[in-house]
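First the structure, then my questions, so here it is.
The values are calculated or read from the model by the stated rules, or taken from the named source; none is laboratory data. All values reported here derive from a predicted model rather than from experimental measurement. Every residue, glycine among them, receives a Cβ derived from its backbone with ideal geometry; neighbour counts consider all protein chains shown.
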């Protein structure tokens, strides 16, 4: 497998990685209790016994409400795991500089798109000229790192 074929996969992992935090943020909002969001994403599931629940600062949501939110949490966790897996599989072929640069650049560009178009229920942050220039400079810098 050539390195040029790996770049789109790494970019795709970076795009997905930008979508993970907004999904996890929506899970945090829907669970009412922010302390339950991280374990739900990681699929650990503490808080199932009464002694754990009494130490949490906010009440746990009702079970009927949690069922639909489990899908969002699982997807956020799966996206993070995919990005880590791509890094583990391809770092030796493309190098750590190119891998990190590609992932971060794709993450940054997708974050700008999420901000501009209010994707995943995130608040709108307008795409200013300076934000666009910063994104292009990032991509140019990664291109130079990967080229040399």
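Please enumerate the residues belonging to the range 95-133 that are assigned to a helix (DSSP H, G or I), exposed (fewer than 13 other Cβ atoms within 10 Å of the Cβ) and without any contact (Cβ under 8 Å) to a residue 12 or more places away in the chain.
Matches in the range 95-133: 96, 117, 129, 130, 133.
Within the range 134-148, track down each residue that is farther than 18 Å from residue 6 by Cα and surrounded by fewer than 16 Cβ atoms within 10 Å (Cβ to Cβ).
134, 136, 137, 140, 141
With the requirement that a residue be over 11 Å from residue 10 (Cα atoms), modelled with pLDDT under 90 and either crowded, with 18+ Cβ neighbours inside 10 Å or in contact with a helix residue (DSSP H, G or I) (Cβ under 9 Å, 6 or more places away or on another chain) (or both), what does the range 79-94 give you?
Those that are over 11 Å from residue 10 (Cα atoms), modelled with pLDDT under 90 and either crowded, with 18+ Cβ neighbours inside 10 Å or in contact with a helix residue (DSSP H, G or I) (Cβ under 9 Å, 6 or more places away or on another chain) (or both): 79, 80.
Determine which single condition residue 68 fails, assuming it passes every other condition in (1) assigned to a helix (DSSP H, G or I); (2) modelled with pLDDT under 80; (3) farther than 18 Å from residue 19 by Cα; (4) in contact with a helix residue (DSSP H, G or I) (Cβ under 6 Å, 6 or more places away or on another chain).
Failing condition for residue 68: (4).
With the requirement that a residue be over 20 Å from residue 110 (Cβ atoms), part of a helix (DSSP H, G or I) and at pLDDT below 85, what does the range 1-27 give you?
3, 4
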